[in-house]
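Before any comments, here is the structure.
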Amino acid sequence: MQAMYLHANPSQAAMDSNSLHTYTTQGYEVTIGCRDDGRAANAVQAIKSAQPDAKLDSVRLDLQDLSSVAQCYKKLAEEKRAEFDVLLNNAGVMATPKMQTKDGFEYQLGVNHLGHFALTLLLLPHLKESNKPVRIINVSSMGHTLGSLNFDDLFRDKPGAYGPWEAYGQSKRANILFTYELARRLQASPQITANCLHPGVVRTELGRYMINDSNKWYMSWMIPVAGLFFKSPAQGAETSIYLASSPDVANMTGKYWDNCKAIQSDAATYDTGIAKKLWEVSEELVMPKLKACL
């Protein structure tokens, strides 16, 4: 079995290590998509040191750069490595300052949603042609309740429109809407499932921008104290591993998961009109750039 695991953020290394080790011990051939070649090499070496027969490699992938997404896909397709059994869209950033991706997108929406959307769209024909069960898993967050989609100012460029947490919430809401719409569009290919999940509040460095925010003086001590109640990296990986490997969910699709159980996401995420519009807008944003690189 083949799995692609997107690891574009070094702050997730501990949780990713737990997931990767689990997948390789279950017999998966794992491809890690990572923007940092050195960290990817270290992850591969660490797993192989503990498990010499592990089958895993890496490919360069920077989700904030669509030319990198295109080159990643091109390499996988040319090497005939694009027919995965599991595609785990796990990379992410959280509550960053106002920044832009290389393509001019708001950074959190660009990395957390548009990068994953672009790669999934490119891989989808290969996944369909493989004629085997495929599981697409998008890591979202309970934080999706913090933001809403504003199609009139998707990148929060209007004066005073940007808030780190609201933008994060928008990107995580986009993950869910994308998952639900993808599941609907895959009804003619029932062998492919699409689900999303909340991993829990995990003890990683994902919140480093909060600590570095000088306007939030209390963050420097609040985050370490709150961290005592966070999930461990191993616990944070449990639901994604469950969705990737459990026979109990083999035919379940279009659902949102927490602690290995399907739960309801925010009511607005079930609006099919919004989901369809997000898909169309996302295509308009990424496809011209991808086609120019392929």
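The values are calculated or read from the model by the stated rules, or taken from the named source; none is laboratory data. Just so we're clear, the structure is a prediction, and the values are computed from it rather than from any experiment. Don't worry about glycine lacking a Cβ; one is built from the backbone with ideal geometry, like all the others, and counts go over all protein chains shown. Heavy atoms of the whole protein, side chains included, go into the accessibility calculation; ligands, DNA and RNA do not. Shrake-Rupley method; radii C 1.70, N 1.55, O 1.52, S 1.80 Å.
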For the range 61-90, which positions are surrounded by fewer than 18 Cβ atoms within 10 Å (Cβ to Cβ) and without any contact (Cβ under 8 Å) to a residue 60 or more places away in the chain? Lys75, Ala77, Glu78, Glu79, Lys80
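Looking at Ala174, Ala188, Ala161, which is the one that is among the aliphatic types (A, V, I, L, M) and in a helix (DSSP H, G or I)?
Ala174
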Residue check, Lys102 against (1) open to solvent by 10 Å² or more (accessible area, probe 1.4 Å); (2) assigned to a helix (DSSP H, G or I); (3) farther than 19 Å from Asp266 by Cα, all met but one. Which one? (2)
Are there any pairs with C-beta distances below 8 angstrom linking a residue in the range 117-135 that is of a type outside the set (A, V, I, L, M, F, W, C) and at pLDDT 95 or above to a residue that is assigned to a helix (DSSP H, G or I) and open to solvent by 20 Å² or more (accessible area, probe 1.4 Å), with the two at least 6 apart or on different chains, and if so which? His126/Ala77
Are any residues in the range 106-137 of a type in the set (A, V, I, L, M, F, W, C) and surrounded by fewer than 21 Cβ atoms within 10 Å (Cβ to Cβ), and if so, which ones? Leu121, Leu124
Residues (in a helix (DSSP H, G or I) and open to solvent by less than 50 Å² (accessible area, probe 1.4 Å)) located in the range 23-40: Tyr23, Thr24, Gly38, Ala40
Which of (1) at pLDDT below 95; (2) buried (at least 19 other Cβ atoms within 10 Å of the Cβ) is the odd one out, the single condition Leu149 does not satisfy? (1)
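Yes or no, residue by residue, for (1) among the aliphatic types (A, V, I, L, M); (2) over 22 Å from Met287 (Cα atoms):
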position	(1), (2)
Ala82	yes, no
Leu88	yes, no
Pro97	no, yes
Glu106	no, no
Leu127	yes, no
Val134	yes, yes
Ser148	no, yes
Leu154	yes, no
Ile192	yes, yes
Condition (residue is among the hydrophobic types (A, V, I, L, M, F, W, C), closer than 30 Å to Ala161 by Cβ and either in a strand (DSSP E or B) or open to solvent by less than 30 Å² (accessible area, probe 1.4 Å) (or both)) applied to the range 41-58: is it met by at least one residue? no
Within the range 239-283, which residues are of a type in the set (Ser, Thr, Tyr), in contact (Cβ under 8 Å) with a residue 60 or more places away in the chain and either outside any helix (DSSP H, G or I) or open to solvent by 30 Å² or more (accessible area, probe 1.4 Å) (or both)? Ser245, Thr253, Tyr256, Ser265, Tyr270, Thr272
Pick from Phe155, Phe178: which is under 22 Å from Lys277 (Cβ atoms), open to solvent by 10 Å² or more (accessible area, probe 1.4 Å) and at pLDDT 95 or above? Phe155
All but one of (1) touching a Leu at 6+ places or on another chain (Cβ under 9 Å); (2) in contact (Cβ under 8 Å) with a residue 24 or more places away in the chain; (3) not in a loop (DSSP other than H, G, I, E, B) hold for Glu166, so report the exception by its number. (2)
